[in-house]
Amino acid sequence: MRITENMMTTSYNKNLQRNISNLASSNLKLASQRHYNHVSEDPATASKAFAIRDQIARTEEHINVVKNATGELETADSNILTLNSILENIYEKATKAGGASSQDSLDAIAEELNGQMEEILQTMNARYGDKFLFSGSANSEAPFSLDADGNLLFNGKQVDAYDKNDPDTYFTENKPVYLDVGFGTYASGMNTAKSGIKISTSGVDVLGYGKDENGYPNNLYSLIGQVSGQLKTGDKNGAMDTLAQLKKKQSNISIATSEIGTREKMLERTQNRLETGLVNLQKTQKDLEAVKVETEAVTNKSAETAWMVTLQLGSSIIPPSIFDFMK
């Protein structure tokens, strides 16, 4: 078979295009640090990488949800500690009433207690972002308010009127809210107690509700109001008895802080698990997508050498033209 000049030129051009394409592809890989830049270059690996990217996005979203829930619990815990500090201050002031000799002194202490009651309302109506911390499963309005007679309400229901035998007095918007932390699940809701962590804190559970067998309110706010009222009428003995009940009911605070602390630990472990999983996913993503720089650098140098050699061969393969003589 006779090899013509045209055949040699055609073959040379093909090699020239292939070598410049290889060099350009290698340059792009080094610049982008990616093993491939188009799905068509490696469809199987790209498919796996897309799946890993989706898992990474979902895991990052879940971590943010857990961090937000942790922040909510930490803020709730801080507010409950503030409440406890207010109660200690109230107990200290009210105890002094036992030694007060004048009604003016009792009235002054009662007014101080009333001011502390207002602070308790503000504390229990605190927000975290756009959410009320102690509203239970409701969130449209501040959970605690007062009716026309000064009785404490929780989500519109009178706190002291609670009766376990009367469903009409139940706090219907006091359901627990859970964050689902089961493996592979990323939703939050109110019906996932088996696989979730409770992230809501009920203010009425913290303050107490209903009345005990002796007719004393179980609610800390109401007990303080009762002490204040007794001091204003000069009933120091009655005030001291009510104050003793207040001290007993204060154990609700310790229970609440302990329970929140347990939930915070659970969220911390969940976050650690998710972050460990995220690191592993990111490593897998890198293995699938990232170019091995050392190997590609060698490939790039080889492609560059092939390209330069091809250019040099061109002068001996492509015949001179009239333009070469005109130079």
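The values are calculated or read from the model by the stated rules, or taken from the named source; none is laboratory data. Worth saying up front: this structure is predicted, and the values here are computed from it rather than measured. Every residue, glycine as well, gets a Cβ built from its backbone with ideal geometry; the counts of neighbours run over all protein chains shown.
Screening Ala76, Ala94, Ala110, Ala138 for residues that are in contact (Cβ under 8 Å) with a residue 24 or more places away in the chain and not in a helix (DSSP H, G or I) leaves exactly one candidate, Ala138.
For the range 122-135, the set of residues classified as surrounded by 15 or more Cβ atoms within 10 Å (Cβ to Cβ) and part of a helix (DSSP H, G or I) consists of Thr123, Met124, listed by residue number. Within the range 250-258, is even one residue more than 18 Å from Phe144 (Cβ to Cβ) and more than 32 Å from the chain's Cα centre (by Cα)? Looking through the range 250-258, none of the residues is more than 18 Å from Phe144 (Cβ to Cβ) and more than 32 Å from the chain's Cα centre (by Cα). Among the conditions (1) of a type in the set (A, V, I, L, M); (2) surrounded by 15 or more Cβ atoms within 10 Å (Cβ to Cβ); (3) within 18 Å of Asn218 (Cα to Cα), Ala244 misses just one, which is (2).
Tell me yes or no: at least one residue of the range 279-290 is surrounded by fewer than 18 Cβ atoms within 10 Å (Cβ to Cβ), modelled with pLDDT under 80, more than 28 Å from Thr10 (Cβ to Cβ) and of a type in the set (Gly, Ala, Ser). There is at least one residue in the range 279-290 that is surrounded by fewer than 18 Cβ atoms within 10 Å (Cβ to Cβ), modelled with pLDDT under 80, more than 28 Å from Thr10 (Cβ to Cβ) and of a type in the set (Gly, Ala, Ser). Within the range 212-241, the set of residues being in a loop (DSSP other than H, G, I, E, B) and surrounded by 22 or more Cβ atoms within 10 Å (Cβ to Cβ) comprises just one member, Asn219.
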